[in-house]
Amino acid sequence: MRVLLLQLFHEAHAFTPQLVGVDDFRRRHFVSGDAARQQLARGSNWMAGALATLDDAGAQVHLGLCTACLPGGSVREADYASLSAAWLDAVDTACREHGSFDAVLLLLHGALAVVGQADPEAELVQAVRTRVGPRPVIGVALDFHCNIGPGLVQAADVVVAGRAYPHVDVAERGARLVRLVMHRLGHEAARSARRTRHVRLPLVVPMNRMQTVDGPFAELAAKARALEIELGLDDLAIVGGFPYADHDRACASVLASGPQQACQQAVRALAGLAWRLRRELLRPQPDARLLRDWLNEPGSGTLVVADCGDNPGAGGLGRDGTLLAEVLRSTRRFAAGIHIDPRTVALARQAGVDGEIGFELRRAGPGPDDQALLGVWTARVVRVGSFVYRNSGPMMTGETLDGGLGCVLYIEGGRGASGHVLVASERIQPYDTQAFLSQQVALDGLDVILLKSSAHFRAAYAPCATWQPGPAIRVADGGGWASPDLRRYIGVLPATDGSAGRTRAVLPFHLLDDSRWSDLIEDEPDMQ
């Protein structure tokens with residue numbers, strides 16, 4: 001079996017002002033061939049799972065261009081033209097040098113956004129199909145936060161998405177994709193009879209409500225696993241989608257592979273459960289005012305608080321200080337991170353270890369108070385240096401995170417608060433406790449650990465959460481660019497290309513009744 005494998009991975013917030021370009025992809029990885037295998041075939045990622053399964057099957061694997069960018073804004077039009085050209089050139093070169101392939105595997109994200117383009121990932125898959133012809137089986141892997149267009153599913157034979165948030169299942173899902181592709185190779189009739197079907201659910205779920213550790217989306221994920229077995233499906237996934245997009249693909253949806261009737265039965269069952277859970281899925285997120293109450297609660301142990309509104313993994317800038325300011329005004333011992341602020345890092349570098357600087361906190365999010373000053377605290381510089389570490393926990397195991405030059409500050413607040421703040425120059429999310437431990441910041445004996453994340457932190461930080469009475473893990477919205485309050489992005493923001501403001505093109509999901517909900521699902525092409 002001859003297999004061509006490529007990757008192009010980016011989750012793009014269509015409204016954040018921070019656009020990305022080719023350099024952002026090169027900064028993470030931009031490799032092919034043996035270099036791609038050496039760099040990516042380790043840990044618990046899509047590539048590692050796919051390659052291990054292909055190697056076990058004795059496949060001849062050619063690795064084309066594999067590149068990824070940390071979550072951020074839309075890709076600039078000119079940069080994407082260069083990036084996509086290089087990616088498709090790698091397909092052409094592989095076909096020219098190695099002949100035809102039995103299968104083509106494309107590791108994508110599903111929430112790529114490009115200035116001036118409607119559905120770039122669908123166009124990529126269609127372009128690959130045009131280049132390789134109808135014979136090879138095309139398998140596509142997508143992130144749990146994928147926004148899927150019909151062109152992508154139509155051009156592929158098998159589409160598999162992640163089913164867990166935090167994304168602790170991606171190696172397993174990469175292996176599943178390979179096994180389904182190999183099955184299609186051995187059973188030609190299955191390519192059409194058991195193709196992947198995609199149905200949108202008329203529901204935009206805030207990121208923090210998508211986590212599958214517990215709660216309503218965990219119930220949906222468990223139901224999908226049970227239905228897959230009960231109905232004899234090849235694969236079934238309910239995915240959260242990525243809500244920060246200006247099109248109506250930005251919603252929860254179902255990917256089902258198997259016989260048509262069984263796929264439709266599974267979709268109806270999941271849609272019915274989602275309708276019953278809709279109020280919990282859309283429940284508003286606590287804000288800074290409630291965090292203030294949490295910080296004054298009597299109790300003991302460590303409270304882990306996530307600022308989902310400034311999550312760099314969802315397009316937040318990582319520099320909103322709303323929740324950190326509340327912690328600094330409290331009486332708690334704390335550790336906080338990762339705050340993204342190159343200016344503060346430069347000041348710390350100039351002051352040196354044991355020097356003091358003024359640490360400014362400002363708002364950083366949509367709205368008229370963007371950049372408003374929240375306060376200035378005197379901070380002692382504890383450490384300055386490279387902010388690079390490798391994850392050791394269950395989320396993105398083994399992956400290296402690079403925050404550029406960074407520093408650790410020690411701050412004592414006015415009411416007795418004291419603790420360390422991690423500051424980096426480049427946007428990274430503290431997926432793993434190694435974010436703190438690598439910078440010699442201990443997490444034992446603290447009252448509060450404040451993180452900029454929506455759900456990925458749960459995989460590694462749950463053992464740190466010991467606050468009694470519970471819950472010991474809580475999520476709050478500081479109001480940054482990753483705020484789960486999606487009303488912030490409707491009709492009030494300038495387009496990323498500098499033109500006049502635009503209105504977010506979404507269906508009025510929260511205004512539906514039971515009958516209209518069912519009609520929208522039944523009207524989907526794969527339910528006909």
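In the chain, taking the dipole from charged Cβ atoms about the Cα centre, the farthest positive-side position among Ser100, Pro17, Leu405 is held by Leu405. Carbon-plus-sulfur accessible fraction, the stretch 1-153 (probe radius 1.4 Å, protein heavy atoms only): 48%.
Helical runs (DSSP H, four residues minimum) scored at -39500 (n - 2.57) apiece and divided by the length of the chain put the mean residue ellipticity at 222 nm at -9500 deg cm²/dmol. Each residue of the stretch 84-100 was assigned a 3J(HN,Hα) from its phi angle through the Karplus curve 6.51 cos²θ - 1.76 cosθ + 1.60 (θ = phi - 60°); the sequence is 5, 4, 5, 5, 6, 4, 5, 5, 4, 5, 4, 5, 6, 8, 10, x, 7 Hz, with glycine and proline shown as x.
Protection proxy ranking of 154-164, 278-288, by the mean of other Cβ atoms within 10 Å over each peptide's residues and highest first, is 154-164, 278-288. Scalar couplings 3J(HN,Hα) for the stretch 61-71, obtained by applying the Karplus form with A = 6.51, B = -1.76, C = 1.60 to θ = phi - 60°, are 10, 10, 9, x, 5, 10, 9, 8, 10, 5, x Hz; x denotes Gly and Pro. Accessible area per residue for the chain is 37 Å², calculated with a 1.4 Å probe on protein heavy atoms, without ligands, DNA or RNA. Couplings for the stretch 114-128, taken from phi via the Karplus curve 6.51 cos²θ - 1.76 cosθ + 1.60 with θ = phi - 60°, read 10, 4, x, 10, 7, 8, x, 6, 4, 5, 5, 5, 5, 5, 5 Hz in order; Gly and Pro are left as x. A dipole drawn for the stretch 350-401 from +1 and -1 charges on Cβ atoms has a positive end, and of Ala379, Pro366, Asn391 the residue lying farthest that way is Asn391.
Distances between placed amide hydrogens fall under 5 Å for Ala113 paired with Ala12, Val75, all partners being 5 or more residues away or on another chain.
How big is the dipole moment of the chain about its Cα centre under a simple scheme where the beta carbon of each Lys and Arg is +1, that of each Asp and Glu is -1, and everything else is neutral? Debye, nearest 20, please. Numbers along the way, then the final one.
Numbers: 53 positive and 59 negative charges, 67 e Å.
The dipole of the chain has a size of about 320 debye.
The values are calculated or read from the model by the stated rules, or taken from the named source; none is laboratory data. None of the values given here were measured: they were computed from a predicted structure. Cβ coordinates were reconstructed from backbone atoms using ideal geometry, including for glycine residues, and neighbour counts include every protein chain displayed. With ligands, DNA and RNA removed, areas are computed over all heavy atoms of the protein, side chains included. Shrake-Rupley method; radii C 1.70, N 1.55, O 1.52, S 1.80 Å.
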